[in-house]
Amino acid sequence: MEHIRFRGTDMGEDMIRDKVSVIVNEYNVTLDTLHKVTGVDVDWLSDYIEKRRALSDLPMEQYGLFFETVIALSEGIRLVSDDERIKGVIDVLVQVFGLTHDTISRYTGLAEQDIELFMRDPALVDCEKKYRLATKSMFLHYMFKAERR
């Protein structure tokens, strides 16, 4: 595997290219969608997949989001359980945005104890409550995230 030293990190150029290929070929994410998520030009993405471009050709301001998105879409979804992902979303709502479990319970229609129980051990909360907690928490996260401002 061809290795490069890029922005302070050793990584395999082919490894990242392979992960982009997984996103496109296994998950059917289009280059246009990758462009919308990362801001990286569709032609650059196509050239990168075809080995006509290298990561070092990518502008510095686009590299971080591109790299994070590629890792998240190729591996990240499989590596984190659904329960842990929702716990993470709730943690962000509490730690970053200052919501309380009481506030989240009011939006979800669940008892505050249900949320606290879920945060301690998701296995102790039934699927219907998890579903309500997940859908409402994800909506709140969407409403509060910085990109909307």
For the range 77-136, which residues satisfy the criterion of being closer than 30 Å to V22 by Cα, at pLDDT 95 or above and of a type in the set (S, T, Y)?
-> Y131, T135
Residue count for the range 47-56, restricted to those that are exposed (fewer than 13 other Cβ atoms within 10 Å of the Cβ) and on the phi < 0 side of the Ramachandran plot | 3
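Residue-by-condition table, conditions (1) farther than 30 Å from R120 by Cα; (2) in contact (Cβ under 8 Å) with a residue 12 or more places away in the chain; (3) over 18 Å from the mean Cα position of the chain (by Cα); (4) loosely packed, with under 13 Cβ neighbours inside 10 Å:
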{"residue": "R17", "(1), (2), (3), (4)": "yes, yes, yes, no"}
{"residue": "D41", "(1), (2), (3), (4)": "yes, no, yes, no"}
{"residue": "E61", "(1), (2), (3), (4)": "yes, no, yes, yes"}
{"residue": "V92", "(1), (2), (3), (4)": "no, yes, no, no"}
{"residue": "L99", "(1), (2), (3), (4)": "no, yes, yes, no"}
Scanning the range 8-34 residue by residue, those acidic (D, E) and either assigned to a loop (DSSP other than H, G, I, E, B) or at positive phi (or both) turn out to be E26
From D47, D82, which residue is charged (D, E, K, R) and touching a residue at least 24 places away in the same chain (Cβ under 8 Å)?
-> D82
Quick one: in the range 112-149, of everything that is free of Cβ contacts under 8 Å to residues at least 12 places away in the same chain and touching a helix residue (DSSP H, G or I) at 6+ places or on another chain (Cβ under 6 Å), which residue is farthest from D82 (Cα to Cα)?
-> E112
Yes/no for T69 being crowded, with 18+ Cβ neighbours inside 10 Å, closer than 25 Å to G39 by Cβ and either in contact (Cβ under 8 Å) with a residue 12 or more places away in the chain or of a type outside the set (G, A, S) (or both) = yes
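The values are calculated or read from the model by the stated rules, or taken from the named source; none is laboratory data. Small disclaimer: the values here were computed from a predicted structure and weren't measured. In this analysis, Cβ positions are derived from the backbone assuming ideal geometry, glycine residues included, and neighbour counts consider all displayed protein chains.
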